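The values are calculated or read from the model by the stated rules, or taken from the named source; none is laboratory data. Remember, it's a predicted structure, so these values are computed and weren't measured experimentally. When we count neighbours, we look across all protein chains shown, and the Cβ atoms used for this are built from the backbone with ideal geometry, even at glycine.
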Amino acid sequence: MLATAAFLAFWVVVGLVLFFIALRGGPRGARATLQSQSRGGRRTATAVFAVFYVAVGIAVPALILIGDHHSANARVGGTTIGLTKQEQHGRAVFGAYCASCHTLAAAHANGKVGPNLDNLMPPEVLIADAVRNGRQRGNGTMPAGIVQGQDVAAVAAFVAAVAGK
């Protein structure tokens with residue numbers, strides 16, 4: 001939500017700058033107005049614009065990345081199915097690595113790239129194989145080894161326990 005507000009604020013400022021330019025009779029009039037200011041005023045205006053654009057250039061992407069991470073974690077919490085400890089760990093791993101691509105209702109994940117796991121209802125063995133070896137079919141390519149070690153079994157157990165339920 002904060003990232004959206006920052007994004008909109010940026011475009012509002014861009015619109016105001018364009019409005020200022022239009023009120024001054026175009027780029028020449030705006031330039032003439034800015035050049036008629038004192039040297040200190042021009043330096044201050046330049047510094048304010050530079051700080052604003054650097055802040056927006058860093059803040060907006062950072063807020064979008066932070067917001068996406070929190071959104072992915074929020075999608076995966078709160079399933080009502082009783083999960084084992086391994087499946088709970090698998091839910092967290094699924095939220096971090098899988099929810100952005102796959103659809104899984106129990107995880108509140110609405111990915112559009114990978115298959116809908118609720119419709120597919122894959123067995124645990126197939127899930128583990130797909131995670132280990134990857135897949136190159138459908139809308140995108142799932143690279144091998146996104147999740148490794150014991151996390152593979154945890155994700156496979158979680159998805160097998162909740163898919164289609």
Subset tally (residues that are in contact with a Phe, Trp or Tyr (Cβ under 8 Å, 6 or more places away or on another chain) and outside any helix (DSSP H, G or I)) for the range 130-165: 2
Does the range 122-129 contain any residue that is part of a loop (DSSP other than H, G, I, E, B) and within 23 Å of the chain's Cα centre (by Cα)? no
Criterion (in a helix (DSSP H, G or I), under 28 Å from the mean Cα position of the chain (by Cα), modelled with pLDDT of 80 or more and not polar (S, T, N, Q)) met by exactly one of His89, His70: His89
Restricting to the range 151-165, give me the number of residues that are touching a residue at least 60 places away in the same chain (Cβ under 8 Å) and of a type outside the set (D, E, K, R). 9
Take Ile64 and decide whether it is surrounded by 11 or more Cβ atoms within 10 Å (Cβ to Cβ), modelled with pLDDT under 75 and not assigned by TED's automatic domain parsing to the domain that holds Gln148. yes
Determine whether the range 78-85 contains at least one residue that is part of a helix (DSSP H, G or I), within 30 Å of Ala156 (Cβ to Cβ) and either of a type in the set (Phe, Trp, Tyr) or at pLDDT 85 or above (or both). yes
State the number of residues belonging to the range 124-164 that are of a type outside the set (Gly, Ala, Ser) and either surrounded by 13 or more Cβ atoms within 10 Å (Cβ to Cβ) or not assigned by TED's automatic domain parsing to the domain that holds Tyr97 (or both). 16
